[in-house]
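The values are calculated or read from the model by the stated rules, or taken from the named source; none is laboratory data. Note that the coordinates shown come from a computational prediction; the quantities given were computed from them, not determined experimentally. Cβ placement follows ideal geometry from the backbone for every residue including glycine, while neighbour counts extend to all protein chains displayed. To get the accessible areas, we keep the full protein, side chains included, count just its heavy atoms, and leave off ligands, DNA and RNA. Shrake-Rupley method; radii C 1.70, N 1.55, O 1.52, S 1.80 Å.
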Amino acid sequence: MDTKDKIGLKDKRVDKMLFVRNLVDTDIYYSPMVAWLFFLVVVLAIAHGLVFQLAFSKYFPLLILYILGGYTVCAFLNNSFALTQDALIVINPNFPFRQVKTYPLSDIRQITIDKSKWKWHFAFCIFGSNYIAIQTADDTKKYFCVGLELDAYDENLTEKTMDSFQDNLKGKGIQTVFKLDKH
């Protein structure tokens with residue numbers, strides 16, 4: 001597959017967070033929030049008449065609450081991932097959920113790649129519900145990555161996809177359960 005046909009969205013904040021931690025030799029799987037911003041602008045442009053009426057009415061605070069609510073949901077649901085030789089790193093560069101969580105590959109028992117059954121986030125122009133569940137001996141944590149998609153040949157927003165993420169995990173000996181192709 002030729003990656004030069006992909007749009008190749010990245011999130012430079014993820015790169016900076018990894019650089020500060022001296023993690024420069026990584027494979028990064030971005031879940032960029034800019035995709036949500038693009039879809040939000042398109043929807044608001046299509047509904048510009050309604051948006052214009054709301055902006056100059058007593059309901060203006062509702063429009064602001066909608067945009068802030070959408071940002072908050074999207075900020076929570078957009079985690080990126082980086083793989084090093086010996087660790088899986090989860091990065092959320094979005095305020096107020098900003099975090100970097102490192103999982104040594106030797107501690108990971110299984111990774112499940114799936115999508116949520118919930119669809120309520122569509123109301124905020126968030127089109128996707130993919131997540132990665134990381135199971136260790138002690139716990140299982142779920143990290144949403146709505147901007148990281150299945151490989152759609154030349155139609156992906158990011159260069160690296162869920163498929164390439166799974167292949168790279170398998171190449172490192174991590175057991176994966178890939179449920180996205182079953183939906």
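Counting each DSSP H run of 4 or more residues in the chain as -39500 (n - 2.57), what helix-only mean residue ellipticity at 222 nm follows after dividing by all residues, to the nearest 500 deg cm²/dmol?
-9500 deg cm²/dmol
Could you report the chain's accessible area per residue, 1.4 Å probe, as an integer in Å²?
Heavy-atom accessible area per residue stands at 58 Å².
Lysine pairs in the stretch 61-183 8 or more apart or on different chains: how many have alpha carbons under 16 angstrom apart?
12
Note down the magnitude of the dipole of the chain about its Cα centre, charges +1 on Lys and Arg C-beta and -1 on Asp and Glu C-beta and zero elsewhere, to the nearest 20 debye.
Approximately 680 debye in magnitude.
Per-residue HN-Hα couplings for the stretch 163-169, Karplus 6.51 cos²θ - 1.76 cosθ + 1.60 at θ = phi - 60°, whole Hz, x for Gly and Pro?
Coupling constants for the stretch 163-169: 5, 5, 4, 4, 4, 5, 4 Hz.
Tell me, Kirkwood radius of the chain from alpha-carbon pair distances, in Å?
The Cα-based Kirkwood calculation yields 17.5 Å.
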